[in-house]
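To start, the structure itself, in structure tokens.
The values are calculated or read from the model by the stated rules, or taken from the named source; none is laboratory data. Since we're looking at a predicted model, the values are computed, not measured. In this analysis, Cβ positions are derived from the backbone assuming ideal geometry, glycine residues included, and neighbour counts consider all displayed protein chains.
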Amino acid sequence: MAPKNKVSSKRIGLDIGLAIGRFFLNTEDLHYGYWPKGKTATIQNFVEAQGAHSKLIMDHIPNGTERILDVGSGSGSLALKLINKGFQVDCVIPSEFLAEQVQAKLGDRSTIHICGFESVADSEKYDLILFSESFQYVKLGKSLEKITNMLNPGGYLLICDFFKRDGLGKSPMGGGHSWQLFRDKIDAYPLCLISDQDITEETAPTIDLMAKFNTDVVTPLAEMSGEYLIDHYPQLSKLFRWKFRKRLDKIHNIYLSGAVNGDSFKQFKKYHLLVYERR
């Protein structure tokens, strides 16, 4: 019997994120918002801020670009915007659930690769390879080699994602490659930096909104559910809490303790929009 593929928690997280976004925020975008300086972040303008984030990316696509590979396409909203602007866009999506949503949205206007970026065949060539908050999930060395092989001469790599600041200890929030390690690694490839915009301040309010959602919605639901289980199934509840105590503690520390917020994000992470040209 063939071994079962392990379900990725990151893929499940994206699937859940899409469901929550649709229900609570009337959005299918699975990325941070972008609030220019002086703009107050609220739940009410979150969708607008996500639109500003997408526009920022599109404004940084160099002239002459025609064919784009969108790696980690999420719900396909950005890919659809790009296609409507006249670009030819293929998508890379590791989640089968999200891939089905994107296929329904884009139809035959895009080829969808249902796999991680490292598993995409590098026989196809592109003018631009785009990572919008998906670069943090790839393996640096293998992916930079594949990017170099898949870009046309004079093509571009566009990364819009956060990185870990170095030398500051353990962050309460996971994710992101080391900023220094990334720069050291990419210097070994024929990719020349032509644009670097630090948008940490403009994206950090997203974390504050997520923290408020966790405080106002997730925490009360978790507490009520816990009380119900303890009252009706005390032995099962006790066994469950013991069996999964480490995982439950990790979830609490990350999402419900209040340690993850805009200030801690700015302290431990840095969010950049980067454009490299293939030499």
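Some values worked out for this structure:
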| read-out | value |
| --- | --- |
| Residue pairs meeting the criteria (Cβ under 7 Å; at least 6 apart or on separate chains; first more than 17 Å from I147 (Cα to Cα), in segment 100-125; second among the polar types (S, T, N, Q) and part of a helix (DSSP H, G or I)) | I112/Q103 |
| Filtered residues of segment 83-101 (kept if charged (D, E, K, R) and farther than 14 Å from C115 by Cβ) | K85, E100 |
| Those residues of segment 48-71 which are among the charged types (D, E, K, R) and either under 15 Å from G154 (Cα atoms) or part of a helix (DSSP H, G or I) (or both), in sequence order | E48, K55, D59, E66, R67 |
| Close pairs (6 angstrom Cβ cut-off, 6 or more residues apart or separate chains): within 20 Å of M224 (Cβ to Cβ) in segment 234-249, at pLDDT 80 or above and of a type in the set (A, V, I, L, M, F, W, C) anywhere | S237/I230 |
| Where a residue in segment 30-47 is more than 18 Å from Q197 (Cα to Cα) and assigned to a loop (DSSP other than H, G, I, E, B) and its partner, wherever it lies, is modelled with pLDDT under 85 and among the hydrophobic types (A, V, I, L, M, F, W, C), with Cβ under 7 Å and at least six apart | L30/L14; L30/L18 |
| Only one of L239, L256 that is modelled with pLDDT of 75 or more and more than 15 Å from P205 (Cα to Cα) | L239 |
| Failed condition for P205, given (1) more than 22 Å from the chain's Cα centre (by Cα); (2) surrounded by 17 or more Cβ atoms within 10 Å (Cβ to Cβ) | (1) |
| Selection status of S143, among the small types (G, A, S), in contact with a helix residue (DSSP H, G or I) (Cβ under 8 Å, 6 or more places away or on another chain) and over 19 Å from I207 (Cβ atoms) | yes |
| Subset of segment 199-224 (residues that are of a type in the set (S, T, N, Q) and modelled with pLDDT of 75 or more) | T200, T203, T206 |
| Which listed residue, of D161, D198, D127, is buried (at least 19 other Cβ atoms within 10 Å of the Cβ) and closer than 24 Å to E48 by Cβ | D161 |
| Members of segment 36-73 found to be modelled with pLDDT under 95 and either over 17 Å from the mean Cα position of the chain (by Cα) or of a type in the set (D, E, K, R) (or both), listed by number | P36, K37, G38, K39, T40, A41, T42, I43, Q44, N45, E48 |
